[in-house]
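Notes for the one structure printed next.
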Amino acid sequence: ADGTWLGALRAALDVVPVAAVVVDMTVAGVNMLYCNPGFERVTGYSKAESEGRNCRFLQGEGTEPGVVAAMIKALRKATELRVRVTNYRKDGTEFANDLTLIPVHDSEGTYR
């Protein structure tokens, strides 16, 4: 790790067997700062294609609007959420994404 909160998260998430992303709520657009190898494996998108983008690029025709609304609400209120949402891989195939949103605060209490 490089001593930053993001570096510490990256180091931990690089080795977990599930897909994981990190966004910074203080940055406009809520774009991905990091995605792990599990994310690349599940979605078919590389780090270069994913980081810097909002996760909504995984949504498509079958993505449930009510679930997306619940995700937006949880992000805005910094509350934990577990949902299943229909997302789409790079090749266009859909998959059920068992998604967990967990708010993270840095050492100064800033919602990241």
*Of the conditions (1) open to solvent by 80 Å² or more (accessible area, probe 1.4 Å); (2) assigned to a strand (DSSP E or B), Thr86 fails just one. Which one is it?*
(1)
*Could you grab the pairs with beta carbons closer than 7 Å, sequence gap of 6+ or different chains, first residue in segment 92-112 and surrounded by fewer than 12 Cβ atoms within 10 Å (Cβ to Cβ), second one polar (S, T, N, Q)?*
Ala96/Thr86
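Determine if segment 24-31 includes at least one residue that is at pLDDT 95 or above, outside any helix (DSSP H, G or I) and under 14 Å from the mean Cα position of the chain (by Cα). Give the steps one after another, and end with the answer.
Of the residues in segment 24-31, the ones at pLDDT 95 or above are none.
No, segment 24-31 has no match at all.
Can you find a residue that is of a type outside the set (Val, Ile, Thr), touching a residue at least 24 places away in the same chain (Cβ under 8 Å) and under 23 Å from Thr4 (Cβ atoms) anywhere in segment 62-71? Reasoning before the result, please.
First, the residues of segment 62-71 that are of a type outside the set (Val, Ile, Thr): 62, 64-66, 69-71.
If we keep only those that are touching a residue at least 24 places away in the same chain (Cβ under 8 Å) as well, we get 62, 71.
From the residues that got through so far, the ones that are under 23 Å from Thr4 (Cβ atoms) too are none.
No - not one qualifying residue is present in segment 62-71.
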*Could you tell me whether any residue of segment 71-82 is surrounded by 13 or more Cβ atoms within 10 Å (Cβ to Cβ), under 24 Å from Pro37 (Cβ atoms) and either aromatic (Phe, Trp, Tyr) or in contact with a Pro (Cβ under 7 Å, 6 or more places away or on another chain) (or both)?*
no
_With more than 12 Å from the chain's Cα centre (by Cα), over 15 Å from Arg112 (Cα atoms) and in a helix (DSSP H, G or I) as the only criterion, which of Gly66, Gly38, Gly62 stands out?_
Gly66
*asked:* Which count do you get for residues in segment 69-88 that are more than 13 Å from Val30 (Cβ to Cβ) and not polar (S, T, N, Q)?
replied: 11
*asked:* Residue pairs, Cβ under 8 Å, 6 or more apart or interchain, first in segment 75-88 and touching a residue at least 24 places away in the same chain (Cβ under 8 Å) and under 17 Å from Arg56 (Cα atoms), second assigned to a strand (DSSP E or B) and among the aromatic types (Phe, Trp, Tyr). List them.
replied: Thr86/Phe95; Asn87/Phe95; Tyr88/Phe95
*Can you tell me which of Val27, Val16 is exposed (fewer than 15 other Cβ atoms within 10 Å of the Cβ), of a type outside the set (Phe, Trp, Tyr) and free of Cβ contacts under 8 Å to residues at least 12 places away in the same chain?*
Val27
*May I ask you to list the residues in segment 41-51 that are over 13 Å from the mean Cα position of the chain (by Cα) and free of Cβ contacts under 8 Å to residues at least 40 places away in the same chain?*
Arg41, Ser46, Ala48
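In segment 89-112, what residues are farther than 19 Å from Asp24 by Cα and in a loop (DSSP other than H, G, I, E, B)? Quick ask: steps written out before the conclusion?
Quick first cut of segment 89-112, residues farther than 19 Å from Asp24 by Cα only: 89-98.
Across segment 89-112, the qualifying residues are Arg89, Lys90, Asp91, Gly92, Thr93.
The values are calculated or read from the model by the stated rules, or taken from the named source; none is laboratory data. As the structure is a computational prediction, the values presented were derived from the model and not from experiment. Using ideal geometry, Cβ is built from the backbone for each residue, glycine included, and neighbour counts are taken over all protein chains shown. Accessible surface areas use protein heavy atoms only, side chains included; no ligands, DNA or RNA. Shrake-Rupley method; radii C 1.70, N 1.55, O 1.52, S 1.80 Å.
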